[in-house]
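Visitor: The structure that follows is given in the form of structure tokens.
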Amino acid sequence: MSTCSSTSGKPETKVIAFSGLCNKAFSGANKKISDILDLEHVRSNSLLQIPIAAELLSAGFPSPAQDFIEKSVDLNEMLITNEYSTFIGKVGSRSMLNAGIDINDKLIIDRSFNAKHLDIIVAQLETDFTVKRLMITKQMSAGEINEIFGPDAKSIPPVWLKAENQEHSHIFLKPEQELIVWGVVTYIIKDARK
């Protein structure tokens with residue numbers, strides 16, 4: 001595993017690369033994948049204050065209507081930790097549907113975060129980008145390992161990518177492949193009026 005960092009004077013962009021960390025037993029024929037349709041750098045040079053309701057919104061029985069606004073928020077400030085390393089990616093597959101990510105959703109991706117076990121990441125495999133959950137096997141419980149690989153698994157990859165949809169396969173690196181953690185997904189933006 002290696003880490004590459006930017007030294008431009010602006011906040012760091014961290015990219016983690018995993019090379020050939022998988023055993024041949026798990027290197028099945030990975031299909032060409034491209035879960036990200038478009039990547040766009042965030043330009044947070046505007047300030048737009050949006051009012052926030054003082055009361056929590058009820059998802060059950062409605063509470064008496066209140067027109068009380070406590071304060072306002074700037075979405076740039078709320079959603080972007082580091083503007084120099086933040087991108088928005090448009091999702092192009094349903095491989096993460098059970099994690100709440102669907103086609104055409106927008107992902108806020110921060111390249112300055114160190115990816116951790118269970119983070120949803122944008123990974124680069126060769127020339128394709130994919131959105132998956134980062135799985136670091138040594139941080140999984142015995143039950144989780146057994147569920148994925150079975151009780152008789154002889155060799156288990158140290159790092160792999162989990163699809164959150166049973167119709168899509170997990171990704172296990174081939175020995176010659178390099179997995180680059182391009183960024184960590186920090187927020188999901190959905191169109192509620194589809």
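The values are calculated or read from the model by the stated rules, or taken from the named source; none is laboratory data. Everything numeric in this text was worked out from a predicted model, so none of it was measured. Heads up, the Cβs are rebuilt from the backbone with ideal geometry, glycines too, and the neighbour counts pull from every protein chain shown. With ligands, DNA and RNA removed, areas are computed over all heavy atoms of the protein, side chains included. Shrake-Rupley method; radii C 1.70, N 1.55, O 1.52, S 1.80 Å.
Visitor: Going through region 154-176 one residue at a time, which ones are surrounded by 14 or more Cβ atoms within 10 Å (Cβ to Cβ) and either over 15 Å from residue 133 (Cβ atoms) or in contact with a Pro (Cβ under 9 Å, 6 or more places away or on another chain) (or both)?
Guide: Those that are surrounded by 14 or more Cβ atoms within 10 Å (Cβ to Cβ) and either over 15 Å from residue 133 (Cβ atoms) or in contact with a Pro (Cβ under 9 Å, 6 or more places away or on another chain) (or both): 156, 158, 172, 173, 174.
Visitor: Same structure again: So in region 116-153, with the set limited to residues that are polar (S, T, N, Q) and outside any helix (DSSP H, G or I), which one is least open to solvent (accessible area, probe 1.4 Å)?
Guide: Only one residue fits best here, namely 130.
Visitor: Whether any residue in region 123-141 is more than 30 Å from residue 80 (Cα to Cα), in contact (Cβ under 8 Å) with a residue 40 or more places away in the chain and in contact with a strand residue (DSSP E or B) (Cβ under 7 Å, 6 or more places away or on another chain) is what I want to check.
Guide: Looking for residues that are more than 30 Å from residue 80 (Cα to Cα), in contact (Cβ under 8 Å) with a residue 40 or more places away in the chain and in contact with a strand residue (DSSP E or B) (Cβ under 7 Å, 6 or more places away or on another chain), one finds none in region 123-141, hence no.
Visitor: Something else about it: Take the residues of region 91-114 that are open to solvent by 20 Å² or more (accessible area, probe 1.4 Å) and among the hydrophobic types (A, V, I, L, M, F, W, C): which is farthest from residue 188 (Cα to Cα)?
Guide: 113
Visitor: Select from region 146-194 the residues that are touching a residue at least 40 places away in the same chain (Cβ under 8 Å) and among the acidic types (Asp, Glu) and list them in ascending order.
Guide: Answer for region 146-194, where residues must be touching a residue at least 40 places away in the same chain (Cβ under 8 Å) and among the acidic types (Asp, Glu): 164, 167, 176, 178, 191.
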